[in-house]
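This report refers to the structure that appears directly beneath it.
The values are calculated or read from the model by the stated rules, or taken from the named source; none is laboratory data. Note that the structure is a prediction, hence the values are computed from the model and not measured. Here the Cβ positions follow ideal geometry from the backbone for every residue, glycine too, while neighbour counts run over all protein chains shown.
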Amino acid sequence: MSLTLVNHTRFIQSRKLPKQVKLVEVGPRDGLQNQPIAVSVKDKVAFIDCLSNCGFKAIETGSLVSPQRMPQMAGSDSVYQQIDQHEDTEYIMLVANQKGLESAMACQLKNIAVFCAATDAFSLNNIHCSVNESMDIIQSICQQAKANNIAIRGYISCVLGCPYQGEVDLNRISQLAAKLYEYGCYEISLGDTIGVGTPGMVIELLTAVSQTIPIDNIAVHFHDTYGQALANVLAALQFGIQTVDCSVSGLGGCPYAPGASGNVASEDVVYMLNGLGIKTGIDLDKLLSTSWFIDDILDRQPSAKVSLAIASKQKM
């Protein structure tokens, strides 16, 4: 028996859940960067336009990095210039260094993202410098971005576990979040890059970080390697988080995190939030169509549980 709307409201109030959640769609960047098939600029543009039409107000459109290091992100500048940009939507491009920032300014980007890792081990394997060295680079990027009226989103990777080091220091993550906030990041996304986190770990993490930056400036980013992503999202919402990263069809993984699976699937998150009566502004039917569109291009089977369930019903 389904809950009534009144019971939905009571459930939200009793669990201190938000009435509305902002979903940041990361499929076009974090989702595609680890795929074996490179997607053309034309198909990336169509993909992002579909996501805009689904109702997402924040979308990662690509990454301004060397195509030698990340071939799947080649042409990100061309993608940005060709997408149909909705006035009320953030189109975010990942920037790793000074050259990337120069490309961002040349494209007249309004939103960029910077990233650091929670451990030196991951940072050295990913961008070949220590965390402290990467923070110096980020500080310089943020100073220039702010001077050019570019909004900055911050990411911290491996917040619940590192593929090279194992356990991470929550105090260090809190300090990194505080620095990113001080540098001018309007939002800091905490990423469980290898998907080892559980709800209890999420609460410990958020308790630590929320002591150094406002909770309204914290987002969460969960990979589903151990099948905990949706439970972790719910735990974060109960803590007071109102911004969640997700990826259509569960696309994702990380080239520098062996064994990490994709992100929590956007379809599954929207379905869960719809069931809780929490507003997202996302049209689930359009999202499912977008999921099947990109899966066809990538020649892969859908991994979102909702997508599989609906597709199975349609075949009956």
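A few points about this structure:
- A single entry from 178, 147, 151 fulfils the requirement of being surrounded by fewer than 23 Cβ atoms within 10 Å (Cβ to Cβ), at pLDDT 95 or above, in contact with a Phe, Trp or Tyr (Cβ under 7 Å, 6 or more places away or on another chain) and farther than 22 Å from residue 223 by Cα: 151.
- Residues of the range 21-38 that are at pLDDT 95 or above and either surrounded by fewer than 24 Cβ atoms within 10 Å (Cβ to Cβ) or within 20 Å of residue 283 (Cα to Cα) (or both): 21, 22, 23, 24, 25, 26, 27, 28.
- Residues that are surrounded by fewer than 19 Cβ atoms within 10 Å (Cβ to Cβ) and of a type in the set (Ser, Thr, Tyr) do not occur anywhere in the range 233-247.
- Verdict on residue 215 being under 25 Å from residue 247 (Cα atoms), out of contact with any strand residue (DSSP E or B) (no Cβ under 9 Å at 6 or more places or on another chain) and in contact (Cβ under 8 Å) with a residue 12 or more places away in the chain: yes
- Search result, residues across the range 66-109 that are assigned to a loop (DSSP other than H, G, I, E, B) and within 18 Å of the chain's Cα centre (by Cα): 70, 89, 96
- The range 113-137, residues that are in a strand (DSSP E or B) and surrounded by fewer than 22 Cβ atoms within 10 Å (Cβ to Cβ): 115
- Considering 234, 206, 287, the condition of being part of a helix (DSSP H, G or I) and within 29 Å of residue 49 (Cβ to Cβ) is satisfied by 287 alone.
- The residues of the range 40-59 that are of a type in the set (A, V, I, L, M) and either at pLDDT below 95 or within 17 Å of residue 271 (Cα to Cα) (or both) amount to a single one, 51.
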